[in-house]
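Some notes on the structure that comes next.
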Amino acid sequence: MDRAQKSEQVAQLKQTFSETSVVVVTRNLGMTVAQSTALRNRMRDAGATFKVTKNTLTLIALEGTQYAGIGEMLTGPTGLATSPDPVAAAKVAVDFAKTTDRFEIVGGAMGDTVLDLAGVRALAELPSLDQLRATIVGLIQAPATKIARTINEPGAQLARVFGAYAAKEDA
């Protein structure tokens, strides 16, 4: 890799760190190509990315960013899982780590807060951004539905009374 490629990769990493809300540092302990592909596909489906980078280039890219605290985690063969959703990358990484012993979570960061393994696992247990949005919509919609039922109920009761009188006269 020549100097221009290295500087381009550092620039891409800096841009990634500026656009993401969470970084999960992982260690690759000899995963197969199929396992790596499966992990990348899961990450992509969740709206996250997984990238294996050179530690020295990553350390250079971390300088001056809010994720500078994860620099000491970058030892050995590491990979970075990132996502704009604070939960997506952590959730996929934790789920994938349960399926294989060749993939290990080292830690991560959410903004300038450095997370250890327990912190990443706790983050993975939170509901995703889409689930939270659905919950909020449901909470907002529930009172409106109750109001509509309450307003319609007297008319429905009156219709049932008239229906009962009509049925009684027919009998």
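The values are calculated or read from the model by the stated rules, or taken from the named source; none is laboratory data. In this text the structure is predicted, and so the values were computed from the model without any measurement. So basically every Cβ, Gly included, is an ideal-geometry build from the backbone, and we count neighbours across all protein chains shown. For accessibility, only protein heavy atoms count, side chains too; no ligands or nucleic acids. Shrake-Rupley method; radii C 1.70, N 1.55, O 1.52, S 1.80 Å.
Per-structure values
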{"read-out": "Surrounding net charge for N28, when Lys and Arg each add one and Asp and Glu each subtract one, Cβ distance under 14 Å", "value": "+3"}
{"read-out": "For the chain: accessible area per residue (Å², 1.4 Å)", "value": "61 Å²"}
{"read-out": "Paired Rg and Dmax values of the chain, which use every Cα atom, in angstrom", "value": "26.0, 95"}
{"read-out": "Within the chain: Cβ-based charge dipole about Cα centre, in debye rounded to nearest 20 (Lys, Arg +1; Asp, Glu -1)", "value": "240 debye"}
{"read-out": "Dipole of segment 60-139 [Lys/Arg +1, Asp/Glu -1 at C-beta], most positive-end residue of A124, T65, I136", "value": "I136"}
{"read-out": "GNM result for the chain, Cα springs below 10 Å: residue of A48, A156, A61 fluctuating most strongly", "value": "A156"}
{"read-out": "17 Å Cα-Cα reach of K6 towards lysines, excluding residues that sit fewer than 8 places from it in its own chain", "value": "K14, K51, K54"}
{"read-out": "Segment 139-145 - phi-based ³J(HN,Hα) in whole Hz, Karplus 6.51/-1.76/1.60, Gly and Pro as x", "value": "5, 6, 6, 4, x, 5, 5"}
{"read-out": "Cα centroid separation - segment 136-171 against segment 9-34, whole Å", "value": "56 Å"}
{"read-out": "For V106, residues with placed amide H under 5 Å, excluding near neighbours", "value": "V25, T26, R27"}
{"read-out": "Fully extended contour minus Cα-Cα distance, from E104 to E125, at 0.36 nm per residue", "value": "5.8 nm"}
{"read-out": "For the chain, built as a Gaussian network whose Cα springs stay under 10 Å, the top-fluctuating residue of Q12, Q66, Q157", "value": "Q157"}
{"read-out": "Which of R102, R149 is most accessible, then next, and so on - probe 1.4 Å", "value": "R149, R102"}
{"read-out": "5 Å binning of all Cα-Cα separations within segment 32-116, expressed as whole percents from 0 upward", "value": "3, 14, 25, 27, 20, 9, 2, 0"}
{"read-out": "Degrees between helix 3-19 axis and first principal axis of the chain (Cα, 0 to 90, nearest 10)", "value": "30 degrees"}
{"read-out": "Carbon + sulfur, % of accessible area of the chain - ligands and nucleic acids excluded, 1.4 Å", "value": "58 percent"}
{"read-out": "Residue with peak Gaussian network fluctuation, the chain [Cα springs, cutoff 10 Å], from K146, K98, K54", "value": "K146"}
{"read-out": "For segment 60-68, Karplus couplings with θ = phi - 60° (6.51, -1.76, 1.60), whole Hz, Gly/Pro x", "value": "5, 5, 6, 4, x, 9, 6, 9, 4"}
{"read-out": "Hz values of 3J(HN,Hα) by residue in segment 20-31 - Karplus curve (6.51, -1.76, 1.60), Gly and Pro given as x", "value": "9, 10, 8, 10, 10, 8, 10, 10, 9, 10, x, 5"}
{"read-out": "Folded to 0 to 90 degrees: helix 88-99 orientation relative to the chain principal axis, Cα", "value": "80 degrees"}
